[in-house]
Structures are given as structure tokens and as C-alpha cells.
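The structure appears right after this line, and notes come after that.
The values are calculated or read from the model by the stated rules, or taken from the named source; none is laboratory data. Values in this document were obtained by computation on a predicted structure and should not be read as measured data. Here the Cβ is made from the backbone with ideal geometry for all residues, glycine too, and neighbour counts use every protein chain on show. Ligands, DNA and RNA are excluded from the accessible area calculation, which covers all protein heavy atoms including side chains. Shrake-Rupley method; radii C 1.70, N 1.55, O 1.52, S 1.80 Å.
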Amino acid sequence: MSENFIRDLNEYFSKKYTNYDRISSMPSYESVTIAMVLKNRNRIEEGEIVSNEMRKIFYQPRAEQVLQELKERYVDNNFTYSVRIAPKGQRFRALLRVRGLSGAVIAKVIRSYGEDPAAMAQRLSVSEEIWKNVLRSFYIPEKVLLYRLILLLGMRQDDVTSVMQACGAYFDTEDARDVVVRYLIDYRVFNREMMDAAFDEFHIRRFL
């Protein structure tokens, strides 16, 4: 495992994570002003952007300590079912075999990686019946199932965007799990040991 992996992940997380309520509740948190962030740069032209950036861990005077405290106190209470039932309109269109629905997009992307879409259920830890209905577009995968699929296949960014959009999902930068998963995708870290280390570092439940 790369010696710099966790360090790089920490820096990425510090720049991307936007849950200010959680960040500001850490014992080492200090208020940061626009002047402290901009220093000698143009405060008028860049101030509006920086007003949001300065809330992030990266700009904290003791950023490493704030991040460590956040990790120690973080509780992964995310819970969703693997799938949700597709809206009635989508299920009707699926019966008519309309193209471009979530199941078709997922199947097309899976095939592009040399895999058989119908054979993925066991690897994704879902029942054959549930997965069949996902591919039929009767069910829509929730984010944990999507992330499992994305990381298992080592998807490219354009394919990640396609399946996320097809399923009405998005990355939430206020969610530590989403930020860590986004790091793995952005930097193409699909080694199982490294992925497990990333989840463990932030006390996030492994889902692979």
C-alpha cells in the first residue's frame, strides 16, 4: 500500500467535505476569516468564493487535529435499502421496453467492462430477483449498491456519471462516505486493501 495514500486522502477530504455543523463542533475548531484565507489576494473579486471555502477543514489553523477529531467522533449512521421501487411511469415505460431507462444504462455500462449484467447479483450481494428487477428498470439502485457496482468494476468517470444520473443519485459532500468514495473514483483507487483502509480510516462501514 502506498505510504502517501492516507495522507492524500486526508488532504482531499479536508478540501471537499462541507458539513460545517460537524466541522465546527470539533474541539480544535477555530473561526476563520476571509482575510486569513486570502491574505494578499484580491478580497473583493475572490471573497465570495472563499466565504464558502473557509468553512472547510483545509483552512483550519490546526487542520490535522480537527480532521483527527472528526474521524474519532464520526459515526456512520447511513442506512438505505439496496433498491427502491421505480416510479409508476418508469415501470410502465419499462414494460414497453423504452430505451434509456436506469436498468438499460446499468446493463450497457456493465457490458462495456466485459461482464455479463445478469451474472452480477452475487458479486453485488443482492438476490437474483432484486437484480433482475434492477435490470428491468422496475427497481432503482440506491447509492450503496451503485457504489458497490462502481468500485467493483473500477468505472471510468464518464460511466460513473451515466449510472448516477440514470438512477437520480448524486455525491453529497456533507456525507463523509460520499467524499471518501469520490476520492477512490477520482484517483482510480480500486485495490481492495486500499479501499478497505480508506473506509476504516474514517470509520465508515465497508460495503464490498
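Observations
- When a 1.4 Å probe is rolled over the protein heavy atoms, the share of accessible surface on the chain that falls to carbon and sulfur comes to 47 percent.
- Placing +1 on each Lys and Arg Cβ and -1 on each Asp and Glu Cβ, with no other charges, gives segment 76-136 a dipole about its Cα centre of roughly 480 debye.
- Listed values (1) 18.4; (2) 17.1; (3) 19.0, entry calculated as Kirkwood radius over Cα pairs in Å: (3)
- Charge tally for Gln122 (other residues, Cβ to Cβ under 15 Å; Lys, Arg +1; Asp, Glu -1): -1.
- Once the Cβ-Cβ distance of Arg91 and Gln165 is raised to the sixth power relative to R0 = 22 Å, the FRET efficiency obtained is 0.70.
- Every Cα-Cα pair of segment 162-208 was included, and the share exceeding 11 Å stands at 69 percent.
- In the chain, the longest principal axis of the Cα atoms and the axis of helix 63-73 are about 50 degrees apart.
- Counting only DSSP H runs of at least 4 residues, each contributing -39500 (n - 2.57), and dividing by the residue count of the chain, the helix-based mean residue ellipticity at 222 nm comes to -15500 deg cm²/dmol.
- Helix axis angle, 5-16 relative to the chain longest principal axis, alpha carbon, degrees: 80
- Near Asn19, once Lys and Arg are set to +1 and Asp and Glu to -1 for all other residues with Cβ below 15 Å from its Cβ, the sum equals +1.
- For segment 86-188, the equivalent ellipsoid derived from the Cα gyration tensor has semi-axes of 22, 15, 13 Å, listed largest first.
- For segment 82-141, the fraction of alpha-carbon pairs in successive 10 Å shells from zero, as %: 25, 55, 20, 0
- Computed over segment 38-187: relative contact order in percent, which uses C-alpha pairs under 8 Å that are six or more apart: 22
- Where segment 74-208 is the region considered: accessible area per residue in Å², 1.4 Å probe: 53
- For the chain: lysine pairs under 26 Å (alpha-carbon distance), excluding those fewer than 8 apart on one chain: 18
- Angle of helix 143-153 to the longest C-alpha principal axis of the chain, folded into 0 to 90 degrees and rounded to 10: 80°.
- Ordering Val66, Gly103, Val179 by Cα displacement along the dipole of the chain toward the positive end leaves Gly103 in first place; charges were set at the Cβ atoms of Lys, Arg (+1) and Asp, Glu (-1).
- Modelled FRET efficiency - R0 35 Å, Ser127 with Glu11, Cβ distances, 0.05 increments: 0.30
- About the Cα centre, charge dipole magnitude for segment 102-208 (Lys/Arg +1, Asp/Glu -1 at Cβ), debye: 320
- Cα centre as origin, Lys/Arg/Asp/Glu Cβ charges: the chain dipole, Debye: 960
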